[in-house]
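The values are calculated or read from the model by the stated rules, or taken from the named source; none is laboratory data. Predicted, not measured: the structure shown is a model, and the values here were computed from it. Virtual Cβ from ideal backbone geometry, glycine too; neighbours counted across all protein chains shown. All accessible areas refer to the heavy atoms of the entire protein, side chains included, with ligands and DNA or RNA removed. Shrake-Rupley method; radii C 1.70, N 1.55, O 1.52, S 1.80 Å.
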Amino acid sequence: MKILMFGGSGTLGKELAKAMPNIIRPKRSECDVVDIDDVLNAIDNYSPDIIIHAAAMTDNRVVESSPIKAIHANIIGTANVAMACIERNIRLVYLSTDYVYKGDRGNYREDDEILPFNKYAWTKLGGECSVMNVKNHLIIRTSFGKNKFEYREAFIDKWSSKEYVDMIVPEILAASLSPLTGVLNLGGPRRSLFSYASERTAVVSPVRIRDTNYFTPYDTSLNLQKWIDYRSSETLATPHLKCRV
């Protein structure tokens, strides 16, 4: 399978390239998804079987102050990729966010009500709307971070299924290559941000949301049963090449 990735210069793209060295990752200077002609030219040049679309403006605080730029990158850019995939009949895998859920109770299933928490999540949901029109599409709602927690403090009362990128990449790649369509939650176990940070950072201080000025949801943890069930069935369906009699 030939995979073309938009947004491949980011944290996810670099890690995906380690797992799959032949993945195609054009730079933004080579293909800007806001330009539909760029997208179509890239597809025609590389003839991919699958497109993983991760190009986006992701900094929540920047999006809050510059929503127009985020609309261009996250909504219009994604719409261009979706239209190109429809025209060229290509599978589209779209990286969305756990922030499209309300964020007040956790354990969200793929078919639960969505209510984006902030402007960033609204723009990602806008991207989802376009992707839904691609016949062979997969929307992955997830949350991941770099391989090491970068901050000195972490919330003890903020819960999620956030995972380190080296841990989530094999799952994203397997889901991309799977026949699954629609919406899929991917992530790690439900844990506090402090617990997540402490796994790989020895010195990190606990802090509560109320003691900061940070605007963040309380619990965006994901129900992963759909993916668990698929992986279980995949294992059961593995053909046996030797006679077991």
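Numerical summary
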{"quantity": "Every pair of residues 6+ apart whose Cβ atoms lie under 6 Å, when the first sits in region 79-98 and is under 20 Å from D32 (Cβ atoms) while the second is in a loop (DSSP other than H, G, I, E, B) and among the aliphatic types (A, V, I, L, M)", "calculated": "N80/V33; V81/V33; A82/V134; C85/V134; I86/V134; L92/V134; L95/A54"}
{"quantity": "Out of G77, G13, sole residue that is under 15 Å from the mean Cα position of the chain (by Cα), small (G, A, S) and part of a helix (DSSP H, G or I)", "calculated": "G13"}
{"quantity": "Of residues in region 128-144 being surrounded by 22 or more Cβ atoms within 10 Å (Cβ to Cβ) and hydroxyl-bearing (S, T, Y), the one farthest from V183 (Cα to Cα)", "calculated": "S130"}
{"quantity": "Which listed residue, of N74, N45, is more than 20 Å from V131 (Cα to Cα) and modelled with pLDDT of 95 or more", "calculated": "N45"}
{"quantity": "Filter result for the condition that a residue is at pLDDT 95 or above, part of a loop (DSSP other than H, G, I, E, B) and open to solvent by 20 Å² or more (accessible area, probe 1.4 Å), over N147, N213", "calculated": "N147"}
{"quantity": "Qualifying residues in region 8-48 (those that are among the aliphatic types (A, V, I, L, M) and in contact with a strand residue (DSSP E or B) (Cβ under 6 Å, 6 or more places away or on another chain)) - the one surrounded by the fewest Cβ atoms within 10 Å (Cβ to Cβ)", "calculated": "I24"}
{"quantity": "Failed criterion for K124 (all others in (1) basic (K, R); (2) closer than 22 Å to S221 by Cβ; (3) open to solvent by 60 Å² or more (accessible area, probe 1.4 Å) hold)", "calculated": "(3)"}
{"quantity": "Residue list for region 176-203, filter: touching a Lys or Arg at 6+ places or on another chain (Cβ under 7 Å), of a type outside the set (G, A, S) and either within 27 Å of S232 (Cα to Cα) or crowded, with 18+ Cβ neighbours inside 10 Å (or both)", "calculated": "V183, L184, N185, L193, Y196"}
{"quantity": "Whichever residue in region 133-163 is hydrophobic (A, V, I, L, M, F, W, C) and under 15 Å from the mean Cα position of the chain (by Cα) and, among such residues, is nearest to Q225 (Cα to Cα)", "calculated": "I140"}
{"quantity": "Odd one out for V34 among (1) under 16 Å from G126 (Cα atoms); (2) at pLDDT below 95; (3) in a loop (DSSP other than H, G, I, E, B)", "calculated": "(2)"}
{"quantity": "Tally, over region 49-70, of residues that are in contact (Cβ under 8 Å) with a residue 24 or more places away in the chain, assigned to a helix (DSSP H, G or I) and open to solvent by 20 Å² or more (accessible area, probe 1.4 Å)", "calculated": "3"}
{"quantity": "In region 155-175, the residues that are farther than 28 Å from R210 by Cβ, buried (at least 21 other Cβ atoms within 10 Å of the Cβ) and in contact with a strand residue (DSSP E or B) (Cβ under 6 Å, 6 or more places away or on another chain)", "calculated": "I168"}
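Per-residue answers, yes or no, for (1) under 22 Å from the mean Cα position of the chain (by Cα); (2) hydrophobic (A, V, I, L, M, F, W, C); (3) within 23 Å of E64 (Cα to Cα):
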| residue | (1), (2), (3) |
| --- | --- |
| S178 | yes, no, no |
| R191 | yes, no, no |
| I209 | no, yes, yes |
| T220 | yes, no, yes |
